[in-house]
Structures are given as C-alpha cells and as structure tokens.
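The structure appears below as structure tokens.
The values are calculated or read from the model by the stated rules, or taken from the named source; none is laboratory data. Nothing here was measured: the structure is a model prediction, and the numbers come from that model. Here the Cβ positions follow ideal geometry from the backbone for every residue, glycine too, while neighbour counts run over all protein chains shown. Ligands, DNA and RNA are stripped out before the accessible areas are found, and what is left, the full protein with its side chains, is counted by its heavy atoms. Shrake-Rupley method; radii C 1.70, N 1.55, O 1.52, S 1.80 Å.
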Amino acid sequence: MTGDRRQHLLEQLADHMLAHGLGGTSLRPVAAALGTSDRMLLYYFTTKAELIAATLQTVAQRLELRLNALAGAAPRPAGQLARELPQLMMGEELWPYMRLWLEIAARAAAGDATCRAVGEAIAGGFLDWVGARIETTDDKRAQQAALLAQLIDGALLFHAVGMSDLLAQAQGQPAR
C-alpha cells in the first residue's frame, strides 16, 4: 500500500512539476497543492532532493512513453530525424517536458548536484532512445545520436528565447 501511495504522489508531483517547473517545488506549497502535508511528503521521500529526483524520473518515463507514441520506433535516416524531432519536441504536447529539461540544464550548470545527476541520466536515456531510431551502422550510432541531441537542444534553446525561425532557416525552409 505504501508503494501505491508513493507512486500516486509521484504522478501528482510530476503533473505539478510539468505545470510549474522546478521553481514551484517548495515542499509546503507543493504539499498543499497535492492535498497533503510537507511531513507526509518527507515520509515517502526522505529529502527534498530525493523527491525531486524521483519526480524527474517519473517525468522522464512519461516523456519516453509520449515520444514512443508520437515518433514511433522505426529507424530512419539521421537527416529525417533531424527534421522531425525538433518540431516534435517544440510541439504543444512535449513543450512542457522540454521547458522542464531546459530548467534542469540551467540548474545543473549553476551547480545543482541533483539536477546534474538527474539531467545526466535523462540525457543518457534520450541518447539511447535516439540511437535506437537512427538508420545507421553501429560504429556511427553513438556519434549520430550525440549530433542529433545537440541539434535538438539547440533548437529548444532558440525556441525558448523566441528564435524558432532559425530552425526553419537551418532546414532550408522560409522563415515564418
């Protein structure tokens, strides 16, 4: 029963984090939003860092499920993925996840150890996900996955600061 309650809290925490970001994860306000107490959260998650890490892991699992549903599993050429994935990531369904990803990266860059560890795990999982969808030889898979991840993260960053037209220009499309 304790595991079921913890999982239910994780699902609620993931919803809250996707809506409000990491900045909205102070224990008391989050607990109040979930209809529980900060002490109850600390019963299920010993520290705030454990709560954040477990919640981000839940968010990452949800993202992978959505990516699988939206992008499919069939391998395709890297160029095709380079055109498809940034648009998919910036779409309405995945943008909350990407906004959170940018926040995790910014906090990791500022020295937040939890965000660095969780960010590294999420990035590794994404590289594996992309690598499994690249139609290429095994000796080039890791390199091409890393290049695609760089392209996607760059596109996300430019999108976040209002410069989405750069992706269209990079792909030879007219600016919108």
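Might you tell me the accessible area per residue for segment 1-100, computed with a 1.4 Å probe and given in Å²?
52
Magnitude of the Cβ-charge dipole of segment 122-176, K/R +1 and D/E -1, about the Cα centre, nearest 20 debye? Don't skip to the end; give the middle numbers.
Numbers: 4 positive and 6 negative charges, 27 e Å.
My answer is approximately 120 debye.
Grab the other residues whose beta carbon is less than 10 angstrom from that of Ala31, score K and R as +1, D and E as -1, and report the net.
+1
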Q) If you find the alpha carbon centre of segment 109-169 and of segment 35-77, how far apart are they in angstrom? A) 18
Q. Roughly speaking, to the nearest percent, how much of the chain's 1.4 Å accessible area is carbon and sulfur?
A. 56
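To the nearest 20 debye, what charge dipole does segment 41-155 have about its Cα centre, counting +1 at the Cβ of each Lys and Arg and -1 at the Cβ of each Asp and Glu? Please report the intermediate quantities before stating the final value.
Values: 11 positive and 13 negative charges, 17 e Å.
With Lys and Arg at +1 and Asp and Glu at -1, about 80 debye.
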Q. Which FRET efficiency, nearest 0.05, do Trp95 and Thr2 yield, Cβ-Cβ r, R0 35 Å?
A. 0.55
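For His20 and Thr36, calculate 0.36 nm times their separation in residues minus their Cα-Cα distance, and state this gained length in nm to one decimal. Please report the intermediate quantities before stating the final value.
Numbers: separation 16, 0.36 × 16 = 5.76 nm, distance 1.77 nm.
Length difference between fully extended and current span is 4.0 nm.
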Q. Summing Lys, Arg as +1 and Asp, Glu as -1, what charge do residues with Cβ under 12 Å from the Cβ of Pro96 carry, Pro96 excluded?
A. -1
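If the chain between Lys48 and Ala132 were fully stretched, how many nm would it gain, using 0.36 nm times the residue separation less the Cα-Cα distance? Each step should come with its number before you reach the end.
Numbers: separation 84, 0.36 × 84 = 30.24 nm, distance 3.38 nm.
Extending this stretch completely gives an extra 26.9 nm.
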**Q.** Kyte-Doolittle at least -0.5, axis length at least 15 Å by Cα - qualifying DSSP helices, the chain
**A.** 48-71, 78-89, 95-109, 113-131, 138-160
